[in-house]
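First the structure, in the form of structure tokens, and then the observations on it.
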Amino acid sequence: MIRRSTLRAQIATALRDEILAGRLPTGRDFTVKEIAELYGVSATPVREALVDLAAQGLLDMEQHRGFRVHEFSPADFRAMVDARSLVMEGVFRWVREREGVVALPDHVAVESVRRRAVAAERAALAGDLDVLIGYDLRFWRELGGVMHNPYLRDFLHRVRVQCWAFAVPVLRREDKLSGRLWAGHRELLEAVEQFDLERTRRLLTEYNTHALTLVDGS
């Protein structure tokens with residue numbers, strides 16, 4: 001028997017993926033009952049999953065009406081990119097202050113991240129948005145794990161999920177995405193693995209600059 005907490009997490013993940021894929025579009029209203037019937041489960045784990053997604057900023061709770069997929073604005077997107085940039089600047093300062101003390105990334109963990117990097121890069125170059133989103137999120141989350149800071153990892157993961165929630169409707173309007181999506185995953189991992197802070201910083205700046213170009217077309 002599936003535990004309610006597990007079911008809650010499964011429903012939350014499934015709905016998050018629906019939002020990121022654009023199948024639950026911005027502004028879409030729905031009720032607990034509707035989602036419960038869709039998945040053939042009771043209302044309680046669905047309500048809990050929806051509250052979790054609201055806490056992550058992906059849904060708005062409408063009093064006495066249900067839930068709505070949150071609409072992120074271009075200003076929200078800029079703020080999210082700025083937030084992750086500022087956090088990483090703090091990380092670079094912290095590492096420099098402890099030069100010679102901070103441990104290099106674990107080789108076994110890096111190999112797992114590398115597999116995500118290869119898959120994400122391949123999807124980005126092909127313009128396969130659906131495949132890219134999943135591997136890109138896993139790449140960044142596992143890369144955050146290599147840094148041995150779960151708080152940093154979880155914060156940046158949340159911000160990147162929100163960034164994708166904004167970006168998906170923008171990118172769906174494009175006729176062709178091949179060659180237009182950021183595909184520097186392997187190069188960034190190599191810089192992190194070599195503990196090359198300047199190269200890592202440059203690549204992250206390029207990544208954030210690339211992301212901000214989305215706003216211009218939104």
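The values are calculated or read from the model by the stated rules, or taken from the named source; none is laboratory data. Keep in mind that what you see is a predicted model, and the values were worked out from it rather than measured. When we count neighbours, we look across all protein chains shown, and the Cβ atoms used for this are built from the backbone with ideal geometry, even at glycine. To get the accessible areas, we keep the full protein, side chains included, count just its heavy atoms, and leave off ligands, DNA and RNA. Shrake-Rupley method; radii C 1.70, N 1.55, O 1.52, S 1.80 Å.
A few comments on the model shown:
- Computed as a quarter of the hull surface, the mean projected area of the alpha carbon convex hull for segment 14-81 stands at 4.8 nm².
- Quarter of the Cα convex hull surface for the chain, i.e. its orientation-mean projected area (nm²): 13.3 nm²
- Residue among 38, 12, 86 farthest towards the positive dipole end of the chain, charges placed on Cβ: 38
- Paramagnetic reach from residue 209 (point 7 Å along Cα→Cβ, amide N under 20 Å) across segment 161-200: 179-192, 196-200
- FRET efficiency, 1/(1 + (r/R0)^6) with R0 45 Å, evaluated for residue 175 and residue 94 via beta carbons: 0.55
- Here the accessible area is traced with a 1.4 Å probe on the protein chains. For segment 55-158, carbon and sulfur cover 54 percent of it.
- Compared with the direct C-alpha span, the chain from residue 216 to residue 23 gains 67.1 nm at full extension, assuming 0.36 nm per residue.
- Between residue 197 and residue 62, the simple label model (points 7 Å from Cα in the Cβ direction) yields a spacing of 5.0 nm.
- Three-way shape label, segment 46-150, alpha-carbon gyration tensor, a/c 1.5: prolate
- Each principal axis of segment 102-218 carries a Cα extent, and these read 44, 25, 24 Å when sorted largest first.
- Rounded, prolate or oblate (a/c below 1.5 giving rounded, otherwise prolate when a/b exceeds b/c) for segment 117-185 by Cα gyration tensor: oblate
- Averaged per residue, the chain has 55 square angstrom of accessible surface, using a 1.4 angstrom probe with ligands and nucleic acids left out.
- From phi via Karplus (6.51, -1.76, 1.60), per-residue ³J(HN,Hα) for segment 11-16 in Hz, x at Gly/Pro: 5, 4, 5, 4, 5, 4
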